[in-house]
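Notes follow once the structure below has been shown.
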Amino acid sequence: MTDKQLAVVVLAAGEGTRMKSSKPKVMHELAGVPLLGHALATATELGADFVIPVIRHQRDLLAAYITQNFAAAQIADQDSIPGTGRAVECGLAELPSNFNGPVVVTSGDVPLLDVETLQALVEIHSENGNAATILTAIMDDPTGYGRIVRSAEGAFERIVEHRDASDDQLDILEVNAGVYVFDGALLRSALAEVGTNNSQAEKYLTDVAAGLLTSGHSVEALAVTDNWLVAGINDRVQLAEVAAELNYRLCEAWMRAGVTILDPNSTWIELGVQLAEDVTILPGTHLRGTTVIGRGSTVGPEVVMVDTVVGENATVVKSHISSSKIGDGASVGPFAYLRPGTDLGADGKIGTFVETKNAKIGAGSKVPHLSYVGDALIGEHSNIGAGTIFANYDGVSKHSSTIGSHVRTGSHNVFVAPITIGDGAYTAAGTVVRRSVNPGELAMNVAPQRNLADWVIAKRPGTQAAEAAQKAKN
Ligand code: UD1
Ligand code: CA
């Protein structure tokens with residue numbers, strides 16, 4: 001491409017007032033990644049020698065995110081002079097004084113821009129010996145964008161911001177995408193000439209282009225064919241539009257990779273998710289964070305899954321799951337709530353209206369109905385009866401319970417932690433287990449049952465129950 005060093009300046013210092021948010025605009029997420037993360041990932045992929053995010057608004061929050069996720073980036077702080085031109089000037093100050101390569105400028109609020117487009121732009125820039133190469137787009141609705149003004153012959157003349165444009169200029173459909181390649185040295189000197197004589201009294205980067213032309217340098221403006229790549233996000237309506245498009249593209253890529261997605265419009269898959277071939281995703285499913293799903297598994301309808309690992313041939317229906325593991329062939333739901341630390345073994349089952357937390361449930365073990373399993377270790381091939389509560393909290397601290405393998409616990413048990421139930425033990429229905437149970441024992445503490453003869457006939461005379469009881473006696 002070029003043997004000179006390459007720099008990318010990513011503009012992210014603006015307030016993003018149109019978002020109407022206490023969170024900086026570039027920290028709003030798209031497919032689980034902040035807008036700034038998308039822009040910095042692309043800049044990093046380009047393999048530039050310098051990746052320079054320029055920040056100011058809520059700088060500490062942004063700096064923390066950048067340092068944690070893009071350690072190689074060199075943060076530049078914009079001073080109090082506003083505008084994209086000033087932001088770039090502050091970014092250039094981070095470069096070594098002998099830097100003489102091209103400088104790519106992108107925006108923190110243009111998340112779908114891809115590395116191929118940037119590479120092509122840098123290549124054209126170098127081949128044609130341009131001082132500036134500007135990416136543009138032809139839009140049906142150019143509202144809000146800077147317009148590309150060309151001569152009658154079609155040569156680039158300048159960029160006019162929407163708010164500074166005349167009525168005639170507002171009719172121009174070619175817009176500035178906010179993505180540029182500049183000659184570093186020429187950019188520096190051209191920026192020094194830019195003033196703030198515009199409706200926002202800001203130092204516009206866009207004014208550099210006309211300045212370079214005036215001083216006899218070549219400036220080229222080229223349109224992309226896929227406008228989504230340069231869609232800028234200024235408000236939450238645009239955020240939703242771009243989110244839907246990115247999501248569709250991610251679903252499309254997964255479908256081409258062998259995943260069945262019944263309804264891509266109601267399926268949301270974040271960037272960090274990984275799906276194997278022959279996974280099936282049913283409608284209304286949100287796969288988030290670092291979720292991984294193995295071959296042959298079916299997830300949905302209506303599952304929310306965050307940072308969860310699912311094995312092969314598992315089934316998850318209508319459930320909410322976070323930071324959990326689901327083994328091969330296991331089944332979850334409908335209506336299960338798996339909280340962090342749930343680890344369901346192969347062929348295990350977490351059934352309907354079951355909540356789990358920090359619970360390791362061994363291979364082939366089942367918690368089929370209406371239970372809470374918290375801070376528990378359950379062995380293999382055990383069955384937990386319907387309506388069981390692991391009472392893990394004594395009002396002050398949490399305690400754990402251990403259930404062995406091949407255990408059968410009765411319906412409606414309470415396990416008052418800490419307790420241990422040994423391998424092959426049973427518990428009777430309705431047992432409140434307060435003491436540990438040894439292997440093979442049956443635990444029961446049910447009060448003896450008394451049946452009072454003819455109680456209903458005597459105490460509830462005239463009721464349908466009494467009548468039915470009388471009839472049954474005759
Ligand atoms: C900008 C362009 C416009 C283009 C559009 C494409 C200018 C003057 N206008 O307009 O021609 O069509 O992008 O999306 O450049 N920023 C700073 N410091 C500042 C101001 C902004 O770093 O002082 C950053 C913002 O955080 C943002 C980016 O620069 O990431 C663009 O700023 P924004 O205010 O969104 O510019 P637009 O009005 O969209
Ligand atoms: Ca913008």
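The values are calculated or read from the model by the stated rules, or taken from the named source; none is laboratory data. Remember, it's a predicted structure, so these values are computed and weren't measured experimentally. A quick note on method: Cβ atoms are made from the backbone with ideal geometry, for glycine too, and the neighbour counts reach across all protein chains shown. What goes into the accessible areas is simple: the full protein's heavy atoms, side chains included, and nothing from ligands, DNA or RNA. Shrake-Rupley method; radii C 1.70, N 1.55, O 1.52, S 1.80 Å.
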Spin-label point model (7 Å from Cα, Cβ direction): what's the THR280 to ASP263 distance in nm? 1.6 nm
Bin width 10 Å, origin at 0, all Cα-Cα pairs of the chain: what percent of pairs per bin? 4, 17, 20, 16, 13, 11, 8, 5, 3, 2, 1, 0
List, in the order given, every pair from LYS25/LYS203; LYS318/LYS398; LYS325/LYS357; LYS23/LYS318 whose Cα-Cα distance in the structure shown is over 22 Å. LYS318/LYS398; LYS23/LYS318
Under the rule that an exposed site lies in a DSSP loop and has at most 16 other Cβ atoms within 10 Å, name the longest stretch of the chain with no trypsin sites (Lys or Arg not before Pro) of that kind, not counting the sites themselves. 21-294
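What does the charge count around ASP423 come to, taking other residues whose C-beta lies under 15 Å from its C-beta (Lys +1, Arg +1, Asp -1, Glu -1)?
Overall, the nearby charge balance is -1.
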Length gained, TYR393-LYS4, 0.36 nm per residue minus C-alpha separation, equals 133.7 nm
State whether region 68-116 is rounded, prolate or oblate according to the following rule on the C-alpha gyration tensor (a ≥ b ≥ c being the square roots of its eigenvalues): a/c under 1.5 gives rounded; otherwise a/b larger than b/c gives prolate, and the remaining case gives oblate. rounded
Theoretical gain in end-to-end length, GLU127 to ARG408 [0.36 nm per residue, Cα-Cα removed]: 93.6 nm
Could you tell me how far the Cα centroid of region 397-474 sits from the Cα centroid of region 298-345, in Å? 31 Å
Nearest 10, in degrees from 0 to 90: the angle of helix 35-45 to the longest Cα principal axis of the chain is 70 degrees
Enter the angle in degrees (range 0 to 90, nearest 10) between the Cα long axis of helix 464-473 and the first principal axis of the Cα atoms of the chain, meaning the one along which they spread out most. 40 degrees
Taking a ≥ b ≥ c as the square roots of the eigenvalues of the Cα gyration tensor of region 408-461, is the shape rounded (a/c under 1.5), prolate (a/b larger than b/c) or oblate? prolate
Return one number: the angle in degrees, 0 to 90 and rounded to the nearest 10, between the long axis of the Cα atoms of helix 236-256 and the longest principal axis of the Cα atoms of the chain. 70 degrees
Estimated 222 nm signal from helices in the chain, with DSSP H stretches of n ≥ 4 weighted -39500 (n - 2.57), rounded to 500: -6500 deg cm²/dmol
For region 205-341, with every protein chain kept in place, what is the accessible area per residue (1.4 Å probe, Å²)? 43 Å²
Counting Lys and Arg as +1 and Asp and Glu as -1 over every other residue whose Cβ sits under 14 Å from the Cβ of ALA223, the net charge comes to -2
